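The values are calculated or read from the model by the stated rules, or taken from the named source; none is laboratory data. Because the structure is predicted, anything quoted here is derived from the model rather than measured. Reconstructed Cβ throughout: ideal geometry from the backbone, glycine too, with neighbour counts over all protein chains shown. Protein only, heavy atoms only, side chains kept; ligands, DNA and RNA dropped before computing areas. Shrake-Rupley method; radii C 1.70, N 1.55, O 1.52, S 1.80 Å.
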Amino acid sequence: MKRIFLISAVLFNTLLASAQHTADPIDKKVDALIAKMTLEEKIGQMTQVTLAEIVQSGGDPAAPQIDMAKVREAITKYHVGSFLNVTAGATTRETWYKIISDIQKAAGEDRLKIPVIYGIDAMHGENYTIGSTLFPQEIGMAATFNPALAEREAAITAYEVRASYIPWNFSPVLDLGRNPLWPRIYETFGEDPYVAATMGAAIIKGYQGNDVGDKYHVAACLKHYLGYSFPLNGKDRTPAWIPDRYMREYFLPSFAEAVKDGAKSIMINSSEINGVPVHSSKYLLTDVLRGELHFKGIAVTDWQDIIYLHDRHHIAATQKDAVMIAVNAGVDMSMVPYDYSFCGYLDELVKEGKVPMSRINESVKRILRVKYELGLFEHPVGNPDDYPKFGSAEFSAVSLKAATESITLLKNNNNILPLKKDTKVLVTGPAANTMRALDGGWSYTWQGDLSDKFIPGKNTILKAIQQKIGKDNVDYQPGTTYYDATEIDAAVKAAKKADVIVLCLGEPSYAENVGNIDDLNLPAAQTQLANALAQTGKPIVLVMAEGRPRIITEAESKSTATLMTYLSGNEGGNALADILFGDANPSGKLPISYPRSANALVNYYRKNIENGNSDDAHGYNPLYEFGYGLSYTTFAYSNLHISSPSLKDGEMLTVTVDVKNTGSREGKESVLLYTSQLYASITPDFKRLRRFDKISLQPGETKTVTFRLSPKDISFINDQSQRVTEAGEFKIQIGDQVKSFNYITNTQPSRTGKL
Ligand code: BGC
């Protein structure tokens, strides 16, 4: 009797599962389509090729046109399912319309008429369409500590990407910006795992909305899974050494959160970890990503990375082996991107039994599902009239707000800022009069080198200051280039006539390996300019426009005020001028430690032993700490209260703190909550950010900020690679307020799941 019950229960569950499965209308469509597909057609869906391969040769690179013979070859011969990128750089919406329409036309002529999915790198706005809205890069968005603003930024980006007829955005970057040498720091949300996870979640919500298939949303692509940002030598795409425990503690959480939030695709880290290129890692691509994170979307390679398993990494003796290793590891789509070699090799490998058909079907199902979800079968090309707000004043107002909330005031001696509008100002330095200093890489071109040509109407720092206080009050001297001390004397001469020097230093635009450096120090010519200007005795307001924290300790010692603008986008000049002259109150906080010396690169969460001790003064001693940032008003914290002196399994701790605006103007404050575990089986981090909230306060106003913490929020990864919360004493710190509580558990250590 019992047995019969068991069998019928099993049968019932199986039927239920299959009913649920076939009940999903998209699954039904995918299954029906895949049943009709040949092996070649399936492999084509897994193939992604760059635009340059299908455009007319010898045409205008600024307005590429599809060569119909080439695109038909790609689609009808190889059944290519995806294209990406630009040829020379940004182009118009009209050109995009023609490109996408021609590609989808060719797709409509193929036997099964499967639409193509086009992907683009819209990293801080739709940076490859002329007239779009460009926002601060991710590092600046992180400095706002304002997820609602990040979501709005992402929703506008999605709108403008779709307005360019593209449904797939290779963003956000969820790598942790821990090594300031790395040239992609500016593409990250900084060094903290919780900030990366929280801002990443906001961006995904903005990109994908409630329905990724509507005409205003796009599929997100999480980059670059996993551990890409921590190369030992700081150079792009060089080896990382990251133990599994460490990987799960710091690098995995932002991706885990984004997968939970339904991100549709993920791009794989081009580099290697512990000697294993990630494109070959079944452990990371299948066991962890699918088995533990339950990711259902598309895993796409990065640029040419299957080929590089042979050419660069030398783990595959032939190109064909490289394809076998990558696809068996779990790759769904190959960004080949210059030829169709992937198709031929994979076809042979399946026929030889070296790649199972089940692996192909799995990938193709994932790809087709996203194409259905994006609505590409019904609307392969959008309607040009649906996007009246593209590049609108409404959107640039959001960009201005984001830039204003990102800019971080690091020093303001004698309250020199804000300046009066009749101040005679010398604006100088290599970052003063170029949009490259505000937008950085991934702006109109890959390297962001033509921003001044693409957006002549936008305000550089100089133009914004001139507009703010009138040209008569502003003198300008470049002083130096980024690397050469060319006109220091002229700058010094002009400084003598000014009341205040606004000295704009930093980095030129760059992207990826082109931004590799051997030395984190600010190039000597710029420090020389600061030193020479300081000799005049005139106050220096130092503005750092840079993608990563270059060492400025000497130059900064000469400044009366210091501001970090990061890469604040097309409205960055205006935002800075508003702040300098008091029309806006700064509220950014550093999402990354600003190091004092080139060889002292320690993150704020450091271990206790990295604090140094009485015999050794060389502990964590950055120029400015993570989370630091001033305002023109002042805030006082009081009454830190926790709901109980102990936290038990299944309970939540409620934490409240009062924040008062004790100054004389309205201001915004990011309230950061840190916890520290005093003793644990793995050396505990000195402190970790667990929550944050941004509030706005009128002068004299007090607000009570409330946070809730669960035992999982204070957990860590132990030596078994398990997430645990261990019993013991914890400290909570918000501003200058500190309180202790005990975590008490029946099971020791208590396990709260792996992720
Ligand atoms: C970058 C990716 C980018 C891809 C496509 C690669 O070189 O690492 O971030 O999405 O190119 O342009």
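Observations on the structure shown:
- Extreme residue, farthest from Gln137 (Cα to Cα), among residues of the stretch 151-164 that are part of a helix (DSSP H, G or I) and in contact with a Pro (Cβ under 9 Å, 6 or more places away or on another chain): Val161
- Members of the stretch 325-350 found to be within 16 Å of the ligand (Cβ to nearest atom), in contact with a Phe, Trp or Tyr (Cβ under 8 Å, 6 or more places away or on another chain) and not polar (S, T, N, Q), listed by number: Met335, Val336, Pro337
- Neighbours by Cβ (under 8 Å, 6+ apart or cross-chain): first from the stretch 347-367, open to solvent by 70 Å² or more (accessible area, probe 1.4 Å); second assigned to a loop (DSSP other than H, G, I, E, B): Glu362/Asp332
- Pairs meeting the criteria (first residue in the stretch 309-335 and among the charged types (D, E, K, R), second residue assigned to a strand (DSSP E or B), beta carbons under 8 Å, at least 6 apart or on different chains) are Asp332/Ile298; Asp332/Ala299; Asp332/Val300.
- Of residues in the stretch 121-133 being buried (at least 24 other Cβ atoms within 10 Å of the Cβ) and within 19 Å of Ser265 (Cα to Cα), the one nearest to the ligand (Cβ to nearest atom): Met123
- For the stretch 71-118, residues that are among the small types (Gly, Ala, Ser), within 16 Å of the ligand (Cβ to nearest atom) and not in a loop (DSSP other than H, G, I, E, B) total 1.
- Candidates Asp713, Asp658, Asp649: the one that is at pLDDT below 95 and either open to solvent by less than 40 Å² (accessible area, probe 1.4 Å) or touching a strand residue (DSSP E or B) at 6+ places or on another chain (Cβ under 7 Å) (or both) is Asp649.
- Thr553 being among the hydroxyl-bearing types (Ser, Thr, Tyr), open to solvent by 10 Å² or more (accessible area, probe 1.4 Å) and either more than 30 Å from Ser392 (Cβ to Cβ) or without any contact (Cβ under 8 Å) to a residue 40 or more places away in the chain (or both): yes
- When Tyr194, Tyr186 are checked against the criterion of being in contact (Cβ under 8 Å) with a residue 40 or more places away in the chain, outside any loop (DSSP other than H, G, I, E, B), more than 16 Å from the ligand (Cβ to nearest atom) and among the aromatic types (Phe, Trp, Tyr), Tyr194 stands alone in meeting it.
- Under the condition of being over 18 Å from Gly59 (Cβ atoms) and touching a Ser or Thr at 6+ places or on another chain (Cβ under 6 Å), the residues counted in the stretch 94-115 number 1.
- Considering the conditions (1) small (Gly, Ala, Ser); (2) in a helix (DSSP H, G or I); (3) open to solvent by 10 Å² or more (accessible area, probe 1.4 Å); (4) farther than 19 Å from Ala329 by Cα, Gly291 is excluded by exactly one of them, (4).
- Checking Leu232 against (1) touching a Phe, Trp or Tyr at 6+ places or on another chain (Cβ under 7 Å); (2) within 15 Å of the ligand (Cβ to nearest atom); (3) open to solvent by 30 Å² or more (accessible area, probe 1.4 Å), the condition it does not meet: (2)
- Filter pass, Tyr510 being in contact (Cβ under 8 Å) with a residue 24 or more places away in the chain, within 16 Å of the ligand (Cβ to nearest atom), outside any helix (DSSP H, G or I) and not assigned by TED's automatic domain parsing to the domain that holds Asn127: yes
- Residue pairs whose Cβ atoms lie under 9 Å apart, separated by 6 or more positions or on different chains, with the first residue in the stretch 421-446 and open to solvent by 10 Å² or more (accessible area, probe 1.4 Å) and the second of a type in the set (Lys, Arg), are Lys421/Lys468; Lys424/Lys497; Asn433/Lys463.
- Residues of the stretch 134-148 that are away from the ligand (no atom under 16 Å from the Cβ) and either part of a strand (DSSP E or B) or open to solvent by 10 Å² or more (accessible area, probe 1.4 Å) (or both): Asn146, Pro147, Ala148.
- The residue pairs whose first member lies in the stretch 209-233 and is assigned by TED's automatic domain parsing to the domain that holds Arg162, whose second member is open to solvent by 10 Å² or more (accessible area, probe 1.4 Å) and within 14 Å of the ligand (Cβ to nearest atom), and whose beta carbons are closer than 6 Å, counting only pairs six or more residues apart or on different chains, are Pro231/Thr238.
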